[in-house]
Protein chains: 2
Amino acid sequence: MSPRRRSKPQTRSALVDIAARLLADEGPEALSARRIAAEAGSSTMAVYTNFGGMSGLVREMVYEGFARMENYFSHVAPTGDPVADMALFGRAYRHNALTNPHLYAVMFGGASLGGFSLSAEDRQYGRFTLSTVVECATRCIEAGRFRTGDAELVAHQLWTAIHGLVALELGDYLIEPCDADRVFEAQLTSLMIGVGDTLEAATRSVTSSHARLATEIEPAEPAPVTERPAGDRTA
Amino acid sequence: MSPRRRSKPQTRSALVDIAARLLADEGPEALSARRIAAEAGSSTMAVYTNFGGMSGLVREMVYEGFARMENYFSHVAPTGDPVADMALFGRAYRHNALTNPHLYAVMFGGASLGGFSLSAEDRQYGRFTLSTVVECATRCIEAGRFRTGDAELVAHQLWTAIHGLVALELGDYLIEPCDADRVFEAQLTSLMIGVGDTLEAATRSVTSSHARLATEIEPAEPAPVTERPAGDRTA
DNA sequence: GAGAAAAAATAACGCCGTTATGCCATACTG
DNA sequence: CAGTATGGCATAACGGCGTTATTTTTTCTC
């Protein structure tokens, strides 16, 4: 039916692109090897020769998701106030999740698509993405703004708190979006105060981060689908 | 093969029991209509006549999950310090999630088993379970311990924060359990401070709740599988 | 150009949720 | 008490899924 596919990398990236589009447009249920291959004009076997199975393709999506998150993080410009930067990272995290909801669900929702589950290496890769936030927490601590000396702990607090909000938000447990917004803002300030900042300073920082939201949050390019440099990862 | 089934309610509760056992023992992947029916010695059709499909049976699991959560909540005895009570609710929430990890994943993980998704009514039911926590937050506010006057907001902050930790914990993103414990304790104190309590009072409350953990957290009965009183909910 | 190696197509296996059909015991009805 | 109808369950089938074995095609290498 379709013109003959010439070489290999073409079909591989085509499969990734189509999978990403299906995931974004129709959600995780639409991610099936048969569907993707049919949409690419090839047979189901292409998924196996290129990714070693469905789980390999899902892994590609997960890594793409972390790349997008890292992209948002890298576009957070320092404001001079490390606590405000911290809040900006929180906003970037939530913005990324709300922009790519289905992708985020695959990354953290434990959707277990096609029997996929993250390997220890994958999890380490995911946690590595937060290193930028850990560095920011270190700056906050060095500036004497936080009570604790454990930057990683603070980063994990921010991460888990925002993940919880976003997860329930995406699962429609927080029905009205304004609810989620209010909880998010309150959580941000409460966290900054709770880890040691003063009420006034934390409020100022979070408010300033809110003001910078529009200009800071969007990355330059529209986060295109990228391929991993390393070799195949058969499930 | 099996002796003739006499009446209806027997097979129904058997299906629920087996489904709950399969979910707890082998995880969400083991929850299939065919498997459950086979384990019950009946045919697949029993799932449809009793629950209108797989989604109905999953819904039963979700309601059971909320019942267990409510059971843990109802066994939280007031300590006299409302903020300590608040921390106890947080501990009860996490304890329930870690005790029934697969059930918790079905409730909030968006696993989308058998095309199941919560209806608006279901979500409302889930949020209603938190009303106990909202009342506790009200007591905290009336005691002048919290800065805000919005008890529901505070309850949602606690909820989302702990859910985020638990979700990542169950997804093995927080690799070492001691990590999760540390983040949980820090999150609890940070939240209590952040929403308005003083450093000393919050630390005292959270510490006292930690001391009460062993005796308070376990409910009397082992949370048996119950049936919903209402009629069938065909998907 | 010929042979070797990689990739894709075809077809099959076993699982899934779901549905249509028929049986048969139960529960009403006269 | 007999006859009937209702409804729960079994049997079997349909389409779709991930996966695998086999065969065919392509592509690279010598």
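The values are calculated or read from the model by the stated rules, or taken from the named source; none is laboratory data. What you see is a predicted model, and the numbers here were worked out from it, not measured in a lab. Neighbour counts run over all protein chains shown; Cβ positions are idealised from the backbone, glycine included. Quick note on the areas: whole protein, heavy atoms, side chains included, nothing else; ligands and nucleic acids left out. Shrake-Rupley method; radii C 1.70, N 1.55, O 1.52, S 1.80 Å.
What to note about this one:
- Only Lys, Arg, Asp and Glu carry charge here, each on its Cβ (+1 for the first two, -1 for the last two); on that basis region B:58-216 has a dipole of about 100 debye about its Cα centre.
- Figure legend: label point modelled 7 angstrom from the Cα of A:Thr203 along Cα→Cβ; residues of region B:141-160 with amide N under 14 Å from it are B:147-149.
- Computed about the Cα centre, the dipole magnitude for the protein assembly as shown is approximately 1580 debye when only Lys and Arg (+1) and Asp and Glu (-1) carry charge, each at its Cβ.
- C-alpha center-to-center spacing [region A:72-148, region B:137-200] in angstrom: 19 Å
- Given +1 at the Cβ of Lys and Arg, -1 at the Cβ of Asp and Glu and no other charges, the dipole of region A:109-152 around its Cα centre is 160 debye to the nearest 20.
- Angle between chain B longest axis and helix B:8-26 axis [Cα atoms, degrees, rounded to 10]: 60 degrees
- Solvent exposure ordering (accessible area, 1.4 Å, most first) of B:Thr79, B:Thr129, A:Thr207: A:Thr207, B:Thr79, B:Thr129
- Computed over region A:8-52: relative contact order in percent, which uses C-alpha pairs under 8 Å that are six or more apart: 36 percent
- Shape category assigned to region A:78-128 from the gyration tensor of Cα positions, a/c cut at 1.5: oblate
- B:Ala67-B:Ala24 pseudo-label distance in nm [points 7 Å out on the Cα-to-Cβ vector]: 1.3 nm
- Ascending distances from the B:Arg21 label point to its copies in the other chains, with the point 7 Å along the Cα-to-beta-carbon line: 4.8 nm.
- 5 angstrom amide H check on B:Asp150, placed H, neighbours 5+ away: none
- Global geometry of the protein assembly as shown, whether rounded, prolate or oblate, following the gyration tensor of its Cα atoms and the 1.5 cut on a/c: oblate
- Evaluating 6.51 cos²θ - 1.76 cosθ + 1.60 at θ = phi - 60° for every residue in region A:28-37, the Karplus couplings come out as x, 5, 7, 7, 10, 4, 5, 4, 4, 5 Hz, glycine and proline recorded as x.
- Top of A:Gly109, A:Gly80, A:Gly53 by mean-square fluctuation, Gaussian network on chain A, Cα under 10 Å: A:Gly80
- Among A:Met45, A:Met61, A:Met86: highest mean-square fluctuation, GNM of chain A, C-alpha pairs under 10 Å: A:Met45
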